[in-house]
1. Does any residue of segment 200-219 turn out to be over 25 Å from Gly107 (Cα atoms), of a type outside the set (A, V, I, L, M, F, W, C), in the same structural domain as Thr28 (by TED's automatic domain parsing) and surrounded by fewer than 20 Cβ atoms within 10 Å (Cβ to Cβ)?
2. Which of (1) within 24 Å of Asp214 (Cα to Cα); (2) out of contact with any helix residue (DSSP H, G or I) (no Cβ under 7 Å at 6 or more places or on another chain) is the odd one out, the single condition Trp159 does not satisfy?
3. Do any residues in segment 201-226 that are at positive phi have Cβ atoms under 6 Å from those of residues that are modelled with pLDDT of 95 or more, where the two are at least six apart or on different chains, and which pairs are they?
4. Limited to segment 195-231, what total is found for residues that are in contact with a Phe, Trp or Tyr (Cβ under 7 Å, 6 or more places away or on another chain) and of a type in the set (S, T, N, Q)?
5. Which of the residues spanning segment 56-90 are assigned to a loop (DSSP other than H, G, I, E, B) and either in contact (Cβ under 8 Å) with a residue 40 or more places away in the chain or surrounded by 19 or more Cβ atoms within 10 Å (Cβ to Cβ) (or both)?
6. Considering only segment 103-118, I want to know if a residue exists there that is buried (at least 23 other Cβ atoms within 10 Å of the Cβ) and either within 12 Å of Cys160 (Cβ to Cβ) or not polar (S, T, N, Q) (or both).
7. Gly107 versus (1) in contact with a strand residue (DSSP E or B) (Cβ under 6 Å, 6 or more places away or on another chain); (2) within 29 Å of Pro144 (Cβ to Cβ); (3) assigned by TED's automatic domain parsing to the domain that holds Lys222: which is the lone unmet condition?
8. Test Arg119 against the stated conditions and say whether it is modelled with pLDDT of 95 or more and closer than 30 Å to Ile134 by Cβ.
Amino acid sequence: MSQFNDYCPNGLQVQGRDEVELIVGGVTACQALIDQAIESEADAILVHHGYFWKGEDSRIIGMKYERIKRLINAGISLLAYHLPLDAHETLGNNAGLARALNLSDTGGFASNGSINIARSGHLSTKISGEQFAIEIETALGRAPLYIAGHNRQVKRVGWCTGAAQSYIEEAASLGLDAYISGEVSEHTFHAAKELGIHYYAAGHHATERFGVLDLGQHLAEKFKIDFRFMDIENPV
């Protein structure tokens, strides 16, 4: 994990009880997930988005205090893995998105430290930009915001889950037909049009469910413990 220049600490963020029999997983350590973990009598929570982000108020007050107080009072540990869980080659968010969309992974781009965060690959056959949007919706259960950047069919695709819309220029420089991420910025629309690349904002939450789910299932099998994924609704 030291290979990444990350925005938060990875690993154990809040210490709970020593022994773990049940892990509850989710995308973000929000109050709703904590409440469900307490109701389920979980020993630990595993998330992609935890606490203590760079640049935020370091004081434990307000919403942060209420969340952490609930964790400590319940004796529940919080484990969070951010960029390492995006980039992991088999258990990561990008790997999961590739499987869901039947994308063959041929390489990475958008380096962070010594690791490439974004991935590139291709579909088995060429399809229209509109049809690819339908396939993304089918795979994720959420219609993406589709910005058409050209009138060619889609074969070569780049992707990076979450808030990675800023990598669109690098994706276009690689000659990719389309780029998928979670979020979109106002300038992304103009970039897609001017760079000639399709862009799909498929949802930050929707694209980042894969890593925690796969890692949790891996831990359950390896250590013979229980794991339950709680998909807290989030349309963003």
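1. First, the residues of segment 200-219 that are over 25 Å from Gly107 (Cα atoms): 216-217, 219.
From the residues that got through so far, the ones that are of a type outside the set (A, V, I, L, M, F, W, C) too are 216-217.
From what is left, the residues that are in the same structural domain as Thr28 (by TED's automatic domain parsing) are 216-217.
Subset that is surrounded by fewer than 20 Cβ atoms within 10 Å (Cβ to Cβ): 217.
Within segment 200-219, one or more residues are over 25 Å from Gly107 (Cα atoms), of a type outside the set (A, V, I, L, M, F, W, C), in the same structural domain as Thr28 (by TED's automatic domain parsing) and surrounded by fewer than 20 Cβ atoms within 10 Å (Cβ to Cβ).
2. Only one criterion is unmet by Trp159, namely (2).
3. Every condition considered, the pairs that remain are Gly203/Arg142; Gly203/Gly182.
4. Result for segment 195-231: 1.
5. Of everything in segment 56-90, those that are assigned to a loop (DSSP other than H, G, I, E, B) and either in contact (Cβ under 8 Å) with a residue 40 or more places away in the chain or surrounded by 19 or more Cβ atoms within 10 Å (Cβ to Cβ) (or both) turn out to be Gly75, Ile76, Tyr81, His82, His88, Thr90.
6. Scanning segment 103-118, I find at least one residue that is buried (at least 23 other Cβ atoms within 10 Å of the Cβ) and either within 12 Å of Cys160 (Cβ to Cβ) or not polar (S, T, N, Q) (or both), so the answer is yes.
7. (3)
8. So Arg119 fits the description; yes.
The values are calculated or read from the model by the stated rules, or taken from the named source; none is laboratory data. Please read these numbers as outputs of a predicted model, since none were measured by experiment. Counting neighbours? That spans all protein chains shown, and the Cβs are built from the backbone with ideal geometry, glycine included.
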